[in-house]
1. Does residue 361 satisfy the criteria of being under 20 Å from the mean Cα position of the chain (by Cα), in the same structural domain as residue 327 (by TED's automatic domain parsing) and assigned to a loop (DSSP other than H, G, I, E, B)?
2. Which one of the conditions (1) in contact with a strand residue (DSSP E or B) (Cβ under 7 Å, 6 or more places away or on another chain); (2) at pLDDT 90 or above does residue 424 fail to meet, given that it meets all the rest?
3. Read through the list (1) part of a strand (DSSP E or B); (2) modelled with pLDDT under 90, then give the number of the only condition that residue 389 fails.
4. Restricting attention to the range 156-178, which residues are modelled with pLDDT under 85 and assigned to a loop (DSSP other than H, G, I, E, B)?
5. May I ask you to say which residue of 402, 373, 368 is surrounded by 21 or more Cβ atoms within 10 Å (Cβ to Cβ) and either closer than 16 Å to residue 449 by Cβ or over 22 Å from the mean Cα position of the chain (by Cα) (or both)?
6. In the range 20-74, which residues are touching a residue at least 24 places away in the same chain (Cβ under 8 Å), in contact with a strand residue (DSSP E or B) (Cβ under 6 Å, 6 or more places away or on another chain) and more than 20 Å from residue 231 (Cβ to Cβ)?
7. Tell me which residues, restricted to the range 510-541, are in a helix (DSSP H, G or I), at pLDDT 90 or above and in contact with a strand residue (DSSP E or B) (Cβ under 8 Å, 6 or more places away or on another chain).
8. Hey, does the range 290-305 have a residue that's within 27 Å of residue 474 (Cα to Cα) and more than 20 Å from the chain's Cα centre (by Cα)?
């Protein structure tokens, strides 16, 4: 079992235990506004918002929501990209003691209908460009309150005037269709009311956020996160990188995801830092934002770093302000890490987390021993161990693979409306992650793969991530992922999907030959498909399951796979 006994060996300033305030998240975050009201809290497309102004607007929005019936314990859906309105709405919901249901703006109608009905959310704050989709689901969903906002609402002059013109000329952008009824309102109009919300008695153990899993391992599940869990996680992340009021971060990870919410929003706001918001990931815009704003911190996922290192403008941008870069959501191929660090001079620290524990719960030390390819050691107050894959009852010796299980103050309270699955996932206070790892003598863990991604080839256990690592070492490969696919007569086989670097060429056979030189015979992909892009989640994680389902759909038509 591990509880970071090595912390003092690399950085005595990171304690093994932290003191967490027994308050709700809003009270915790608003303390920063009281200490430095004139400090910049948010940057957005050239506009700046101070802490004083941010919390004034949060109070006003909380008052407007309360006047329309939102109260403690209610669930309010946020269907927004990274923008000031997201932060204001999130804080307003926390202020009321309600629950923020964080939705992916890319969710299709079927997904939205399921999440609204499963959660019981009857209030929605959404981007106006999504109004047509919202109008369609209202036939299947009961909503008492809908609030719309546009990105132009917080753009500086003259961008705020030019944006509507650009939107009108861009035929690819959806039309804004806002109904005139008694429940639909404009965000900016509600702010002008300056209504005052009543004080709410908020239990730190109550649900603050509800985040639905991406469904990459099955049916989407509502993950219930308490105020206590959110405060614990942001406190751990801040302690790990010694975050303070002088720090700033570029937030391109979506705030509706646990990683973006905790590391890119909650953590810096709790310490008086500055958050530069980007609505979506575009490598050139990220590089320009870092060059212009000079942030000290950045957080991203492997696909982002692949795109950044390949961007033709990277050598023209100054990235030297960065002192810490969190990498999470998926294993970062060592070849990508080495090349990115060589090109930028920035230091990447790999970590690990899952929404069932808010987000990151371990990381490689920022100032101490780095072990590339590992997920580091546990955060303060996090304990983990490796258990056998069959029963989950036997702790595995060092060096042997098993399921990662952990316990910490960050744990979810369970899956909404799924008590049996909750009890199966959290046993005696230990979260069974479904991830397979190996622990070394210093307590560092290497992720081998997801338990559900394990492939049996000719009787051998094959972890697709090991094949991913080799594929990324090919000089022509920019992105790659290996997927285990079932075969009706052969059991299972491996297929690789590859995106080539700009200007590079390679055939499927050349890539298979490269794998044959670097992998055991049973691990070599039987097929390689070269693509222009790979399917990804909103946070940038490559979706193996989507590729698998795509192949299964083809086989259903052809009756027999070709592997």
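The values are calculated or read from the model by the stated rules, or taken from the named source; none is laboratory data. Remember, it's a predicted structure, so these values are computed and weren't measured experimentally. We place every Cβ from the backbone using ideal geometry, glycine too, and count neighbours over all the protein chains shown.
1. Working: under 20 Å from the mean Cα position of the chain (by Cα): yes; in the same structural domain as residue 327 (by TED's automatic domain parsing): yes; assigned to a loop (DSSP other than H, G, I, E, B): no.
For residue 361, the condition - under 20 Å from the mean Cα position of the chain (by Cα), in the same structural domain as residue 327 (by TED's automatic domain parsing) and assigned to a loop (DSSP other than H, G, I, E, B) - is not met.
2. (1)
3. Single failed check for residue 389: (1).
4. Residues of the range 156-178 that are modelled with pLDDT under 85, as a first pass: 156-177.
Those that are modelled with pLDDT under 85 and assigned to a loop (DSSP other than H, G, I, E, B): 156, 157, 158, 170, 171, 172, 173, 174, 175, 176, 177.
5. Details: 373 fails: surrounded by 21 or more Cβ atoms within 10 Å (Cβ to Cβ); 368 fails: surrounded by 21 or more Cβ atoms within 10 Å (Cβ to Cβ).
Selected residue: 402, the only one of 402, 373, 368 that is surrounded by 21 or more Cβ atoms within 10 Å (Cβ to Cβ) and either closer than 16 Å to residue 449 by Cβ or over 22 Å from the mean Cα position of the chain (by Cα) (or both).
6. 40, 42, 43, 44, 49, 68, 70
7. Restricting attention to the range 510-541, the residues satisfying the condition of being in a helix (DSSP H, G or I) are 510-518, 521-523.
After this cut, where a residue has to be at pLDDT 90 or above as well, the list is 510-515.
Selection gives 511, 512, 515.
8. Within the range 290-305, the subset within 27 Å of residue 474 (Cα to Cα) is 299-305.
Filter again for more than 20 Å from the chain's Cα centre (by Cα), leaving none.
The answer is no; no qualifying residue exists.
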